Amino acid sequence: MTEITIQSLFDNGAHFGHKKQNLHPSMSPYVYINNSNASIIDLRYTKAFFDKAKSTISKIVSSGKKVLFVSTKHQTSEVVKQFAILCKSPYVTHKWLGGMLTNWSTISKSLSKMARFQMIIDKNKNSDDSKYTKKELLSLQRKVDKIKINLEGLNDLLGNTVGLVVVFDVRKDLTAIKEAVKNKIPVLGIVDTNHDPSLVDYMIPANDDSVNAVSLYASYFADVINEISVAESNTKRVIKNTSNFTSKHRNIASQHLSSDIIQD
């Protein structure tokens, strides 16, 4: 499992904030020092908040809810997407479309349309007796690709199963935060020195621009989710096996009891 330590945070540049003149007043307590180039984040706070985040994510996953990864910033979107896929979590990394959380019925219809078009394409693309022309299939493929760019990360998300939204840049993805708040979904955010920590429910003071740093954060979150998911799966398996074992022995005992009654 990826370990979050002060050393690993330092090695990946999590301590680099923005210029002193851009410092948000509410972030002052989490700054170790302000030099002429940038505010330096106190990684002791960063480490402590990551530890709290682990507990928060664990509770969400254990409850059966999903953790939604959001990172539409160009330089970090791909790495966040990779780790979201690794832990089978929903993600939005291309563009946040208005209504992704507040108007799920419309999003759901688009996902259903994409699945329906894809099924038609798969069924007819190599068929000799297809009722669709190549031009029509190409048109459907373009529609699928257009929907997929924005919504592919939500493809397996059912209804209101999001229990936590993790945002890797609270300014860039402010719309996602606002929709989560409207839906009363808690938000965990990486907050750089130039941002307002009050925008999110759970903040982590850290550099949100470094690809290496964001990769470390996303890897850690993914590992926490996978760890809890495996533990929950094992627990359910034990309960199921115990239940089957108990049921089997009850049946055996019942058969013996019936046999004794008949003999008497």
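What follows draws every value from the coordinates through simple rules; no lab data is involved. None of these values were measured; they are calculated from a predicted model. Using ideal geometry, Cβ is built from the backbone for each residue, glycine included, and neighbour counts are taken over all protein chains shown.
I'm told residue 61 meets every condition in (1) aliphatic (A, V, I, L, M); (2) in a helix (DSSP H, G or I); (3) over 25 Å from residue 183 (Cα atoms); (4) touching a residue at least 24 places away in the same chain (Cβ under 8 Å) except one. Can you identify the failing condition by its number?
Here residue 61 clears every test but (3).
On the basis of being surrounded by 19 or more Cβ atoms within 10 Å (Cβ to Cβ) and in a loop (DSSP other than H, G, I, E, B), does residue 46 make the cut?
On the way: surrounded by 19 or more Cβ atoms within 10 Å (Cβ to Cβ): yes; in a loop (DSSP other than H, G, I, E, B): no.
The answer is no for residue 46.
Being under 15 Å from the mean Cα position of the chain (by Cα) and crowded, with 18+ Cβ neighbours inside 10 Å narrows it down to one residue among 191, 214, 200; which is it?
Residue meeting the stated conditions: 214.
Of the numbered conditions (1) farther than 30 Å from residue 19 by Cα; (2) over 17 Å from the mean Cα position of the chain (by Cα); (3) surrounded by fewer than 19 Cβ atoms within 10 Å (Cβ to Cβ), residue 156 fails exactly one; give the number of that condition.
(2)
Restrict the check to region 128-142 and report whether at least one residue is loosely packed, with under 11 Cβ neighbours inside 10 Å, polar (S, T, N, Q) and farther than 27 Å from residue 69 by Cα.
Scanning region 128-142, I find at least one residue that is loosely packed, with under 11 Cβ neighbours inside 10 Å, polar (S, T, N, Q) and farther than 27 Å from residue 69 by Cα, so the answer is yes.
Working only within region 127-156, note down all residues that are without any contact (Cβ under 8 Å) to a residue 40 or more places away in the chain, part of a helix (DSSP H, G or I) and either closer than 27 Å to residue 176 by Cα or β-branched (Val, Ile, Thr) (or both).
142, 143, 144, 145, 146, 147, 148, 152
Determine the pairs where a residue that is on the phi < 0 side of the Ramachandran plot, located within region 186-201, has a partner that is of a type in the set (Gly, Ala, Ser) and assigned to a strand (DSSP E or B) with Cβ atoms under 7 Å apart, the partner being 6 or more residues away or on another chain.
Here the result reads 193/39; 199/189; 200/189, each pair linking region 186-201 to a residue that is of a type in the set (Gly, Ala, Ser) and assigned to a strand (DSSP E or B).
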